[in-house]
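Notes for the one structure printed next.
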Protein chains: 2
Amino acid sequence: MHRIPAAIGLLALLGASGAVQGADPLPSWNDGKTKQAITEFVEAVTTPGGADFVPPAERIAVFDNDGTLWAEKPMYFQLAFAVDRVKALAPGHPEWKEEQPFEAVLEGDMKALAAGGHKAILQLVTATHAGNTTEEFAGIVETWIGTARHPETGRLYTEMVYQPMLELLTYLRANGFKTFIVSGGGIEFMRPWTERVYGIPPEQVVGSSIETRFEMRDGEPVLVRLPKISFIDDREGKPVGINLHIGRRPIFTFGNSDGDLEMLQWTAAGEGARFAGLVHHTDGAREYAYDGDSAKARAEAEAGGWTVVDMKEDWKTIYP
Amino acid sequence: MHRIPAAIGLLALLGASGAVQGADPLPSWNDGKTKQAITEFVEAVTTPGGADFVPPAERIAVFDNDGTLWAEKPMYFQLAFAVDRVKALAPGHPEWKEEQPFEAVLEGDMKALAAGGHKAILQLVTATHAGNTTEEFAGIVETWIGTARHPETGRLYTEMVYQPMLELLTYLRANGFKTFIVSGGGIEFMRPWTERVYGIPPEQVVGSSIETRFEMRDGEPVLVRLPKISFIDDREGKPVGINLHIGRRPIFTFGNSDGDLEMLQWTAAGEGARFAGLVHHTDGAREYAYDGDSAKARAEAEAGGWTVVDMKEDWKTIYP
């Protein structure tokens with residue numbers, strides 16, 4: 001590296017950075033107590049010498065994905081992926097025409113699929129997410145996520161991420177935080193696109209997983225995805241997944257449902273300043289309005305003084 | 001941040017960095033083909049526009065721990081920890097005086113312990129590494145690692161890390177690599193001290209693990225360590241662990257035994273420039289001389305042109 005040109009480059013970057021710092025880092029958030037709670041927390045933990053200062057290495061921020069960073073209606077986007085995979089694989093499985101939950105999927109009968117409950121979902125996942133190598137699966141996800149469109153908005157699914165949350169991720173990273181996803185969704189379903197879309201690299205994605213097995217194929221090592229669930233990163237599994245993958249307790253957590261309750265509790269109970277946030281889906285016009293499975297989390301948010309985002313009131317825009 | 005002082009600070013850093021670049025980044029490595037293989041690889045993957053250039057985000061380097069970053073004789077240091085834990089817990093377990101493998105440990109009969117094989121080790125691990133919370137266990141490890149001393153050198157175990165490997169870790173990070181440990185050792189045995197000793201934070205440590213369970217105790221959430229093995233991060237488990245925790249294939253790997261063979265194969269088989277390195281323990285005077293369980297890895301290193309470190313020839317100093 002030549003010293004002088006590098007210095008000039010850094011000065012240019014600094015200039016740009018200075019300009020951004022003068023501007024609002026969260027332009028899609030309306031002014032109010034929610035936005036204020038976020039910026040006050042970040043200022044408190046990043047002010048050297050302050051009572052709440054946290055060293056950069058310990059500034060771990062974790063985010064749920066479905067319903068927190070991107071939408072999750074009318075069905076989890078990963079379920080839409082599984083449905084499309086069933087359709088793509090159906091020609092090789094004529095028996096699926098008369099076998100649930102595949103019959104329901106092929107006929108578009110979401111009620112029958114829902115009636116199959118958890119077991120049906122597991123059957124779908126093992127039939128559509130396993131049997132290939134990790135690299136083959138990543139390629140399938142990349143193709144799908146780059147082309148499939150949401151049935152109601154017509155947008156790519158990655159265009160249904162929440163603009164205010166993208167700004168929040170960037171704002172936290174600019175303040176020395178390391179940002180992670182901690183989702184009930186499949187870890188290998190998210191990793192192919194989280195870096196591009198959220199700026200979160202694969203090694204900072206925690207999720208549910210199936211087992212993989214190391215094999216030599218024609219002298220080349222591969223990891224084969226097995227039709228067996230290894231870990232469910234949901235509810236009480238979220239603190240377990242955080243501990244396994246991160247090994248530190250987060251100081252900042254955002255979720256949106258009771259599936260995030262234990263992760264929020266785990267974060268909030270740590271010593272020192274902590275931020276626990278909950279997205280509440282209140283905007284039927286621009287997104288979806290639903291309480292869903294979040295009664296416990298909202299009650300605990302109220303009791304514990306957590307920050308609740310009212311999408312309709314707090315967000316200027318929803319999607320990028 | 002004020003713009004001008006920050007710019008001056010950055011220029012000062014640049015100056016310092018320029019000075020370091022002029023010096024040898026690997027002063028404890030003797031000049032020769034091993035050191036050259038390392039520096040040539042790093043230059044190749046970091047030269048913008050070069051045929052082998054790798055973007056920083058993909059510069060993943062993984063290191064085995066026992067025998068690669070620190071010594072492992074006369075027994076794995078984590079086994080020494082387990083032995084000390086048995087002695088500390090023995091007053092509460094009078095039955096251990098007549099029950100293997102505890103009897104062997106309490107009588108210092110390492111032959112009888114070894115005769116118990118894998119089963120005895122598992123019994124030791126579950127008896128000494130479980131039953132407490134993750135935070136309690138981290139505290140126990142920190143106390144032990146800060147006081148226990150090696151039976152032959154009298155050093156703290158963390159003073160038996162390899163100085164040349166510390167320099168290599170620093171050199172790689174200075175060149176944009178993200179450094180990880182991928183060890184058969186316990187993930188929660190390593191995490192309390194890897195950041196201080198190796199500069200590797202908890203979220204970049206991959207290892208074997210036992211199961212944990214989220215619980216509320218007196219209204220406070222805790223993670224309880226259960227006496228059940230969850231994952232063995234060894235041999236074919238290492239690529240599986242890398243995929244689960246990192247989600248990218250490393251471009252640089254260092255190991256020392258057949259326990260690292262699959263990880264080395266997985267790395268070497270990737271597209272583009274790859275570095276696969278093997279530490280060979282050839283220095284009976286300054287460390288230990290043994291081939292141990294590394295015949296397959298050494299044969300494959302020879303066939304595949306991997307880099308083999310001859311500790312006696314290649315390293316000027318062993319410990320810091």
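Annotations
- Summing charges over neighbours of B:Ser183, with a neighbour being any other residue whose Cβ is under 10 Å away from its Cβ, gives -4 when K and R count +1 and D and E count -1.
- Span from the the range A:240-261 Cα centroid across to the the range A:126-173 one, whole angstrom: 21 Å
- Approximate spin-label separation B:Thr143-A:Arg149, in nm, with each point projected 7 Å along Cα-to-Cβ: 6.4 nm
- Cβ-based exposure ranking for B:Met216, B:Met190, A:Met311, in which fewest neighbours within 10 Å come first: B:Met216, A:Met311, B:Met190
- Averaging Cα coordinates gives a centre for the range B:264-282 and one for the range B:290-314; these two points are 11 Å apart.
- Reachable aspartates and glutamates, given that their alpha-carbon falls under 13 Å from the alpha-carbon of B:Lys316 and they are not under 8 places away in the same chain: B:Asp31, B:Glu167, B:Asp283, B:Glu287
- Residue among B:Glu188, B:Glu99, B:Glu287 with the largest mean-square fluctuation in a Gaussian network model of chain B, springs linking Cα atoms under 10 Å: B:Glu99
- Top positive-direction residue, dipole computed over the range A:92-228 with Cβ charges, set A:Ile187, A:Tyr198, A:Ile145: A:Tyr198
- Charge dipole (debye, nearest 20) of chain A; +1 at Cβ of Lys and Arg, -1 at Cβ of Asp and Glu: 620 debye
- Folded to 0 to 90 degrees: helix A:187-198 orientation relative to chain A principal axis, Cα: 40 degrees
- Applying 1/(1 + (r/R0)^6) with r as the Cβ-Cβ distance of B:Asp24 and A:Asn175 and R0 = 30 angstrom yields a FRET efficiency of 0.25.
- In the elastic network of chain B, a GNM with C-alpha springs shorter than 10 Å, the most mobile of B:Ala268, B:Ala104, B:Ala115 is B:Ala115.
- Structure remark: mean-square fluctuation, Gaussian network model of chain A, C-alpha springs under 10 Å; the largest value among A:Gln100, A:Gln265, A:Gln78 belongs to A:Gln100.
- With Cα atoms defining each centre, the range A:174-220 and the range B:21-85 are spaced 24 Å apart in the structure.
- The range B:185-217 residues near the modelled B:Ser230 label - backbone nitrogen below 14 Å, point 7 Å along Cα→Cβ: B:186-191, B:203, B:205-215
- Quarter of Cα convex hull surface for chain A, i.e. mean projection, nm²: 20.2 nm²
- Chain A: angle of helix A:295-304 to the longest principal axis, Cα-based, in degrees nearest 10: 20 degrees
- Of the residues A:Pro74, A:Ala90, A:Phe102, the one whose Cα sits farthest towards the positive end of the charge dipole of the range A:72-116 is A:Pro74 (charges of +1 on Lys and Arg Cβ, -1 on Asp and Glu Cβ, taken about the Cα centre).
- Classified by the C-alpha gyration tensor, the range B:222-283 has an oblate form. Its axis ratio a/c, with a ≥ b ≥ c, is 1.5 or above, and a/b does not exceed b/c.
- The Cα atoms of the range B:77-145 define a convex hull whose projected area, averaged across directions, is 4.5 nm².
- Length gained on full extension, B:Ala88 to B:Asp31, computed as 0.36 nm times the residue gap minus the Cα-Cα distance: 15.9 nm.
- The protein assembly as shown - charge dipole about Cα centre, Lys and Arg +1 at Cβ, Asp and Glu -1, debye rounded to 20: 1020 debye
Where a number appears in this text, it was derived from the coordinates with a stated rule and is not lab data. Computed from a predicted model, the values in this text were never measured in an experiment. Backbone-built Cβ (ideal geometry, glycine too); neighbour counts: all protein chains shown.
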